[in-house]
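Asks: One structure, pasted below without further comment.
Just so you know, all these numbers are worked out from the coordinates, no wet-lab data involved. Owing to the predicted nature of the structure, the values given are computational and were not obtained by experimental measurement. In this analysis, Cβ positions are derived from the backbone assuming ideal geometry, glycine residues included, and neighbour counts consider all displayed protein chains.
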Amino acid sequence: MDPELSSTQILGLSVALIATGQQNESALLIKRNSEMIEGLISSMHAYANDLYSHEQRELAINILKFLVKNFSKLEEVDRSVYRLFVLTRLRRDLVDSEIKIQGIFKRKLTNRGVDDSKKGVPKRLLKKVPIVLSTSEDPKEIEQFKGFYHILDLIDDREKDEINVVAWNESNNSTWLLIFDSAYKPALEESVKIRITSGEITNIRKAKRTEPFRAALTFELPTIQPELVKPW
């Protein structure tokens with residue numbers, strides 16, 4: 001391998017190798033140029049995003065998958081994990097399942113293994129339903145429900161005219177099931193994460209043993225601040 005290759009040449013060759021199914025060779029090429037790794041990975045991520053924006057989605061996703069598979073220990077790749085997770089949720093037909101991206105994404109979110117999803121909900125809180133988020137008597141207790149929720153999955157319940165959202169709340173290190181009226185579906189579908197600033201929690205249902213969330217929260221007339229899918 002020519003030691004005088006520029007970073008631009010290495011980037012172009014690496015992408016060409018990925019495009020032709022030679023991911024191992026691409027990884028070796030990048031690793032041989034260890035002094036350039038961070039810059040190359042950052043450039044590859046930006047290039048993947050440009051490709052995706054210009055409808056070259058298959059190659060864009062393959063580049064992100066390549067970064068996650070071969071360089072997941074590097075902090076720069078966290079953006080690839082996050083981006084790829086959102087794309088797998090939005091466009092499942094374009095992504096193969098060989099990388100369990102939801103598991104990788106969840107581990108990144110769970111603060112190095114901290115997961116309090118099995119803690120349940122305090123009885124004192126259950127007795128307060130319905131809970132008005134904007135006028136609660138105990139702001140500290142309610143604040144956790146107003147934090148950022150990273151959307152993991154969406155389930156369309158047409159029979160009940162509801163949209164169910166499986167989401168990770170970074171304020172309490174827990175997965176929750178959030179239930180909204182189906183009118184909120186368009187805003188939720190392309191959101192990376194949301195923040196609920198007001199509204200009522202009209203019901204809190206305890207999770208069953210087999211359910212992977214802490215509790216199911218039903219919201220009525222919530223004010224949702226969405227963070228939409230956007231380029232990084």
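Asks: Can you pull the one-decimal nm distance between simple spin-label points at Ser171 and Ser72, each 7 Å off the Cα toward Cβ?
Replies: 3.0
Asks: Let me ask something else about it. Net charge around Gly147, counting only other residues with Cβ within less than 9 Å of its Cβ (Lys, Arg = +1; Asp, Glu = -1)?
Replies: Summing Lys and Arg as +1 and Asp and Glu as -1 gives 0.
Asks: Full extension from Ala19 to Glu55: what is 0.36 nm times the residue separation minus their Cα-Cα distance, to one decimal in nm?
Replies: Gain on stretching Ala19 to Glu55: 11.4 nm.
Asks: Order 200-208, 121-129 from most to least packed using the mean count of other Cβ atoms within 10 Å.
Replies: Descending packing order for the listed peptides: 200-208, 121-129.
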